[in-house]
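Quick notes on the structure that follows.
The values are calculated or read from the model by the stated rules, or taken from the named source; none is laboratory data. Everything numeric in this text was worked out from a predicted model, so none of it was measured. Cβ coordinates were reconstructed from backbone atoms using ideal geometry, including for glycine residues, and neighbour counts include every protein chain displayed.
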Amino acid sequence: MLLHWIWFAELKDISLLHKHRLLERFGDPEELYRMSEEALLNAGLPEKERNALLDKNLWKAEQITERCTKRDIGILPVADSAYPKRLRNSADAPIVLYYRGILPDWDARPFIGAVGTRKASAYGLQVAHQLGSQIASCGGFVVSGGAAGGDTAAMQGAMSAGYPVVGVLGCGVDVVYPHSNRKLFEKIVADGCLISEYPPGTEPKPWHFPARNRIISGVSNGVLVVEAPKGSGALITARHALEQGRDVFVVPGNINSPTCEGSNALLQEGAAPVLSGWDVVSGYEFLYPGKLQKNLNVSLYTGEETLAQVAQTPAHLENSTNKSAKSGKIPIDNGEKSPYIELVKNRPALDEEEQAVLACLTESPQQASEVMAALDMPSGKVLSVLTMLTVKGYAKKHPGGSYSMK
């Protein structure tokens, strides 16, 4: 039952990795929901997991389902045939995805994650738009995060060429962030779709965005980085892509520009340099025979929306009484307070959550599940914080998903 999938996805104190192991063992969340305390004990599950699974209250799942029905939001469990196969094969695939719009055929053509810095230069915006347009015109499908800057420009390029796109959000699919992209999101939903692992109504939080980046790369065959400074969120997407076995493409940038330092470093590490959209998709001709063609015509780039001032307050696609959506600034895209701007500084200060996670790390590698077991913090948030600590230079990620102090 769909309610049980949502119930399972929303359970705290069980990491994504362990949730997938439970699904492999028991097959279906409904089976886990029906298990008694004695049955869970006999199954040999750890106490923390048993306690989480003993919460049989479906009220939250019912509320989420009701909201999805009212707002025409689709619900996609990981076992659904429409769930992206490439993402499903990732160890940290979301248990449930929510979407608005028209789901694409994930296997029909190459999907390319196109990402760039929020603080893109005029050159970065123009190139992101140009390559987004060319990738789509050549037969590829553009996926991006919907953030201001490079993400928005790449999606606008594909859409202005007449093709749908997929936007992956770090909030509910009924929440617009940044607010300046309201019209863009409405256009995306008309022909393509918006997806998120967060239930409808979820406000944007700083740790949501590093986590959502694994979905951008997870649904894609490859990831294109247009322009990224050191510590940019676009680099987090590139790292996820490498860990997931995806191709990474980079547009060469000005060696004297700070906004290109991170992306140029990827080239030094072996990422493929590209000068056109065809450079990105041509390598997939053997996988999609007859679907791709060289077409380097570029739709007109105006930059009107991309260069607009980014609003800090998220908006809902329907009227909402949620006060947090109407007051206070979200510390994303917020000048010096932005976590991504903060990353370019030398060993930036850590917030309370980062300090708590760092305190659990040792000089010897340990699994993320061990860190989760020691903290009273949602597993998804722990993974996001570990990623941020890695980017900030406090932690090191090792093969197999283990972490240590750096």
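Inside the stretch 28-73, residues that are farther than 28 Å from LEU194 by Cα and not hydrophobic (A, V, I, L, M, F, W, C) make up a count of 17. Among the residues of the stretch 244-263, those identified as in contact (Cβ under 8 Å) with a residue 24 or more places away in the chain, over 21 Å from PHE141 (Cα atoms) and in contact with a strand residue (DSSP E or B) (Cβ under 9 Å, 6 or more places away or on another chain) are GLY262, SER263. In this entry, ALA265 passes the filter for residues that are surrounded by fewer than 21 Cβ atoms within 10 Å (Cβ to Cβ), aliphatic (A, V, I, L, M) and in a helix (DSSP H, G or I).
Of the helices (runs of 4 or more DSSP H) lying entirely inside the stretch 1-44, the ones with 1 or more residues being touching a residue at least 12 places away in the same chain (Cβ under 8 Å) and among the basic types (Lys, Arg) are found at 16-26. Quick one: in the stretch 212-237, of everything that is part of a helix (DSSP H, G or I) and polar (S, T, N, Q), which residue is nearest to the chain's Cα centre (by Cα)? Per the criteria, the residue is ASN213.
Among the residues making up the stretch 171-189, those that are in a loop (DSSP other than H, G, I, E, B) and at pLDDT 95 or above are CYS171, GLY172, VAL173, ASP174. One residue stands out among those in the stretch 375-406 that are assigned to a helix (DSSP H, G or I) and aliphatic (A, V, I, L, M): the one that is farthest from ALA234 (Cα to Cα), which is VAL382.
Considering only the stretch 271-297, how many residues are over 17 Å from GLY222 (Cα atoms) and either small (Gly, Ala, Ser) or touching a helix residue (DSSP H, G or I) at 6+ places or on another chain (Cβ under 8 Å) (or both)?
Taking the stretch 271-297 as the starting set, the residues that turn out to be over 17 Å from GLY222 (Cα atoms) are 289-290, 293-297.
Within this subset, residues satisfying the condition of being either small (Gly, Ala, Ser) or touching a helix residue (DSSP H, G or I) at 6+ places or on another chain (Cβ under 8 Å) (or both) are 290, 294-297.
Looking only at that region, the number is 5.
Hey, can you tell me all the residues within the stretch 175-201 that are under 15 Å from VAL96 (Cβ atoms) and out of contact with any Phe, Trp or Tyr (no Cβ under 9 Å at 6 or more places or on another chain)? Scanning the stretch 175-201 gives a single hit, GLY201. Taken together, LEU76, LEU103, LEU87 contain a single residue that is assigned to a strand (DSSP E or B), at pLDDT 95 or above, closer than 26 Å to TRP7 by Cβ and of a type outside the set (Ser, Thr, Tyr), which is LEU76.
A search for C-beta distances below 6 Å between a residue of the stretch 95-106 that is touching a residue at least 60 places away in the same chain (Cβ under 8 Å) and any residue that is among the hydroxyl-bearing types (Ser, Thr, Tyr), counting only pairs 6+ apart in sequence or on different chains, returns TYR98/SER196.
Is it the case that the stretch 116-124 has a residue that's of a type in the set (A, V, I, L, M, F, W, C) and in contact with a strand residue (DSSP E or B) (Cβ under 6 Å, 6 or more places away or on another chain)? No, the stretch 116-124 contains no residue that is of a type in the set (A, V, I, L, M, F, W, C) and in contact with a strand residue (DSSP E or B) (Cβ under 6 Å, 6 or more places away or on another chain).
Check the stretch 218-234 and report whether any residue there is among the hydroxyl-bearing types (Ser, Thr, Tyr) and surrounded by fewer than 24 Cβ atoms within 10 Å (Cβ to Cβ). No - not one qualifying residue is present in the stretch 218-234. If you go through the stretch 390-402 and pick out every residue that is in contact with an Asp or Glu (Cβ under 9 Å, 6 or more places away or on another chain) and within 17 Å of SER15 (Cβ to Cβ), you end up with 3. Among the conditions (1) in the same structural domain as GLU243 (by TED's automatic domain parsing); (2) of a type in the set (A, V, I, L, M); (3) under 16 Å from ILE215 (Cα atoms), the only one that ALA108 does not satisfy is (3). Search the stretch 70-91 for residues that are more than 22 Å from GLY172 (Cβ to Cβ) and pair each with any residue that is surrounded by fewer than 17 Cβ atoms within 10 Å (Cβ to Cβ) and at pLDDT 95 or above when their beta-carbon atoms are under 7 Å apart and the residues are at least 6 apart or on different chains. Within 7 Å, the pairs are LYS85/ASP107. Checking each residue in the stretch 372-405 for being touching a strand residue (DSSP E or B) at 6+ places or on another chain (Cβ under 7 Å) and among the hydrophobic types (A, V, I, L, M, F, W, C) picks out LEU386, LEU389, ALA395, MET405.
Among the residues of the stretch 49-107, those identified as surrounded by 16 or more Cβ atoms within 10 Å (Cβ to Cβ), of a type in the set (Ser, Thr, Tyr) and within 19 Å of GLY27 (Cα to Cα) are TYR83, SER90.
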